[in-house]
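Encoded as structure tokens, the structure appears first; notes follow it.
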Amino acid sequence: MGEHCPVPASPPQQDGGPGAVPAPPAHPRDKWSKKMDFLLSVVGFAVDLGNVWRFPYICYQNGGGAFLIPYTLMAVFGGVPLFYMELALGHPAPCGTTSPTQDQQPYEIPPAPCRAQGEAQLSQAARACPPLSTGVGFAICIIGLYVSFYYNTIIAWALYYFYSSFSGTLPWASCDNPWNTPNCTNYFGRNNVTWTNFSRSPAEEFYTRKVLELQKSGGLYNVGGIRWQLLLCLFLIFTIVYFSLWKGVKTSGKVVWVTATLPYLVLLILLVRGATLPGAWRGVLFYLRPDWGKLLSTAVWVDAAAQIFFSLGPGFGVLLALASYNHFHNNCYRDALITSAVNCLTSFLSGFVIFTVLGYMAEMRDVEVEDVARDKGPSLLFITYPEAIANMVGSTFFAVIFFLMMITLGLDSTFGGLEAVITAVMDEYPQVLAQRRELFVLGLITVCFLGSLSTLTYGGAYVVKLLEEFGAGCSILAVVLLETIAVSWFYGIQRFSHDVKAMLGFTPGLFWKVCWAAISPALLAFIVASSLLEQPPLALFGYQYPAWSTSLGHLVGASSFICIPVYMVYKLVWTPGSLKQRLAVCIRPEKTARDPQAETVGMEPVL
């Protein structure tokens, strides 16, 4: 999607000339009020619920301390270079996640003196991507919608827990509630309690039978009615999201000062509390004890690469959107190093917060840490950790701050994900939407809310699992791969490096160029191929997903990726000329296709 980008005043040229500048639009583009607004927004997007539930589980499952070796290597050679690339692609300009269309040509970059005045510049993403890759932007927007359909429901669950925590005795602390079954077993503070394979903790039954009410669902065949309590929670979440995004980055940039910093204060409090619990050392040893033999397994390296890519979040369009509100000479190189390091360290710190508590639970149950660390995904946050909190001194306080942390972690990522969609669509239709941002955001939030209704049913947890698995799995990795290929191979590393030098004053080193051109694409291709070849059957709380649901999940994943070949066909059909001429125009970047003279005389386009 293109945009009419404002440029500094310069002497107009004759209409139709190669340097012709269309009349600038009447609407100025927003900018971040402060540099910290941008940094906190990026950190808030990258550091999400997955840092708390996904990294600790994957780490202990794949060799504990030994897993840090492939994780670090994948971060250095894959995740951080692509993080840097996306910030560089988006940060200087007022354009979103998609490339300009043929009839919406971007402006020429003004000369250096004009750039020094801090005026808006043309998006590097728009220049670097050939017209055929515009479908990638549409795919990113659809993936963003799928994520919003289930991710905000998880935040609504956390809000339900947050509300339920304001009581003298936490409702998941005992088996004396109407929703409990004979299998409910409370072993904390009691002797001679036998834990069997049929035993269910009070926290598990509260989550499955009270919050979700899965017992009223027959699986995906019969998901049942909507839980009105969760509907109210989700409505409140989307209300907060709307009033944080409706005015643009000037409002969301202020909100993240709370939502991006509060989780670190809570993590520090929980870490100190966890370290003082009996058996905490058992959990830490289990978390960090290296199993060097795991490094010989291909699956471990795939998990490490997938974890770092999904954690840092290149490909979702969020980094492009957030960076596009920066000034031209913003140091995206330093931003990339700082924010990616904060993200990785947060994941590592979260592991200590989780496993000190798991060690405490193992001590209380008199079992191995491995036996209480089997829960993964949301179950780790809604069953395992709340169970431990319920049996701490000051349980109400720790429950309140823990679920408040989860809400803020989730909101940050929602802000970023929806801002990417908002920026992309508004950049496509600036004349229509520029003065109607509030109405457009309201419409988008309404669509996301309606799309989330299936996840609020009695069987909504099964829908959440399905969307989480297929909505943004292989499709987003494939999008990142195509984006990297478009920049590195079609646009060219040297031209892209020249652009970065114009922005930052220095050229990226050889390490970054090699990663962009070869190593990062190879890692992404490796992950995509491995994910497609190895797909274990889906299951949740003993429910085995039917075969048709897996096929439906593949269709959901393909529905976003299909935008890419569909747009390619559309572009080839509607571009004038012979097939050879059409291909020549469609596979070259917009700037290159419009400025062939610079190529013939051996000159790089000046960006």
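Could you grab me the full set of residues in region 219-245 that are in a helix (DSSP H, G or I) and open to solvent by 40 Å² or more (accessible area, probe 1.4 Å)? Answer for region 219-245, where residues must be in a helix (DSSP H, G or I) and open to solvent by 40 Å² or more (accessible area, probe 1.4 Å): TRP228, GLN229, LEU231, LEU232, PHE235, LEU236, THR239, ILE240, PHE243.
Among the residues making up region 534-587, those that are touching a strand residue (DSSP E or B) at 6+ places or on another chain (Cβ under 8 Å) and open to solvent by less than 70 Å² (accessible area, probe 1.4 Å) are LEU538, TYR545. Whenever a residue of region 226-242 is more than 21 Å from THR259 (Cα to Cα) and modelled with pLDDT of 95 or more, it has no partner that is open to solvent by 70 Å² or more (accessible area, probe 1.4 Å) and among the β-branched types (Val, Ile, Thr) lying with C-beta atoms less than 9 angstrom away and at least six residues away or across chains. Inclusion of ASP303 among residues that are in contact (Cβ under 8 Å) with a residue 12 or more places away in the chain and open to solvent by less than 10 Å² (accessible area, probe 1.4 Å) is not warranted. Among the residues of region 492-507, are any under 30 Å from ARG227 (Cβ atoms) and in a helix (DSSP H, G or I)? No, region 492-507 contains no residue that is under 30 Å from ARG227 (Cβ atoms) and in a helix (DSSP H, G or I).
Could you give every pair whose Cβ atoms fall below 9 Å, whose first residue belongs to region 265-280 and is more than 23 Å from THR408 (Cβ to Cβ), and whose second residue is at pLDDT below 90 and outside any helix (DSSP H, G or I), counting only separations of at least 6 or pairs across chains? Qualifying pairs under 9 Å: LEU277/MET392. When you look at LEU380, is it modelled with pLDDT under 85 and either crowded, with 24+ Cβ neighbours inside 10 Å or of a type in the set (D, E, K, R) (or both), yes or no? Criteria not met by LEU380.
Matching residues to (1) open to solvent by 30 Å² or more (accessible area, probe 1.4 Å); (2) at pLDDT below 85; (3) within 26 Å of CYS141 (Cβ to Cβ):
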site	(1), (2), (3)
GLY492	no, yes, no
THR507	yes, no, no
SER520	no, no, yes
SER530	no, yes, no
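Would you confirm whether or not region 347-356 contains a residue that is in contact with a Cys (Cβ under 9 Å, 6 or more places away or on another chain), open to solvent by 10 Å² or more (accessible area, probe 1.4 Å), touching a residue at least 40 places away in the same chain (Cβ under 8 Å) and over 25 Å from TYR163 (Cα atoms)? Yes, region 347-356 contains at least one residue that is in contact with a Cys (Cβ under 9 Å, 6 or more places away or on another chain), open to solvent by 10 Å² or more (accessible area, probe 1.4 Å), touching a residue at least 40 places away in the same chain (Cβ under 8 Å) and over 25 Å from TYR163 (Cα atoms). Only one of the listed residues (PHE506, PHE541, PHE526, PHE490) is under 18 Å from PHE77 (Cβ atoms) and not β-branched (Val, Ile, Thr). That residue is PHE526. Count of region 307-345 residues, restricted to those that are of a type in the set (A, V, I, L, M, F, W, C), outside any loop (DSSP other than H, G, I, E, B) and open to solvent by 20 Å² or more (accessible area, probe 1.4 Å), is 7.
Close Cβ contacts (under 6 Å, 6 or more residues apart or on different chains) running from residues in region 196-215 that are at pLDDT 90 or above to residues that are crowded, with 24+ Cβ neighbours inside 10 Å and assigned to a helix (DSSP H, G or I) comprise TYR207/PHE382; LEU212/ALA461.
Restricting attention to region 418-457, the residues being touching a residue at least 60 places away in the same chain (Cβ under 8 Å) and either open to solvent by less than 10 Å² (accessible area, probe 1.4 Å) or within 18 Å of LYS247 (Cβ to Cβ) (or both) number 22. Return yes or no: is VAL353 β-branched (Val, Ile, Thr) and modelled with pLDDT under 80? Judged against the criteria, VAL353 is not a match. Scanning region 296-306 for residues being in a helix (DSSP H, G or I) and of a type in the set (Ser, Thr, Tyr) gives a total of 1. What about SER252, is it within 21 Å of GLU368 (Cα to Cα) and either touching a strand residue (DSSP E or B) at 6+ places or on another chain (Cβ under 9 Å) or open to solvent by less than 80 Å² (accessible area, probe 1.4 Å) (or both)? In short, no.
Restricting attention to region 480-490, the residues that are open to solvent by 20 Å² or more (accessible area, probe 1.4 Å) and either of a type in the set (Ser, Thr, Tyr) or touching a residue at least 40 places away in the same chain (Cβ under 8 Å) (or both) total 3. Sort out which residues of region 255-278 are within 25 Å of CYS59 (Cβ to Cβ), buried (at least 19 other Cβ atoms within 10 Å of the Cβ) and in contact with a helix residue (DSSP H, G or I) (Cβ under 6 Å, 6 or more places away or on another chain), and write them in order of number. Passing the criteria: ALA260, PRO263, VAL266, LEU267, LEU270, GLY274, LEU277.
For (1) modelled with pLDDT of 85 or more; (2) acidic (Asp, Glu); (3) within 22 Å of ILE564 (Cβ to Cβ), each residue gets a yes or a no:
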residue	(1), (2), (3)
TYR57	no, no, no
TYR60	no, no, no
GLY65	no, no, no
MET74	yes, no, no
PHE77	yes, no, no
VAL80	yes, no, no
LEU89	no, no, yes
THR101	no, no, yes
GLU108	no, yes, no
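Does LEU477 fit the bill of being surrounded by fewer than 17 Cβ atoms within 10 Å (Cβ to Cβ) and part of a helix (DSSP H, G or I)? For LEU477, the condition - surrounded by fewer than 17 Cβ atoms within 10 Å (Cβ to Cβ) and part of a helix (DSSP H, G or I) - is not met.
Within region 290-298, one or more residues are closer than 30 Å to ILE389 by Cβ and surrounded by fewer than 23 Cβ atoms within 10 Å (Cβ to Cβ). Taking helices (runs of 4 or more DSSP H) as the structural unit, those lying wholly within region 511-589 and holding at least 2 residues that are among the β-branched types (Val, Ile, Thr) and more than 30 Å from SER497 (Cα to Cα) correspond to 547-561, 563-574.
The values are calculated or read from the model by the stated rules, or taken from the named source; none is laboratory data. Here the structure is a predicted model, which means the values were calculated and not measured. As a convention, Cβ positions derive from the backbone with ideal geometry for all residues, glycine included, and neighbour counts pool all protein chains shown. Protein only, heavy atoms only, side chains kept; ligands, DNA and RNA dropped before computing areas. Shrake-Rupley method; radii C 1.70, N 1.55, O 1.52, S 1.80 Å.
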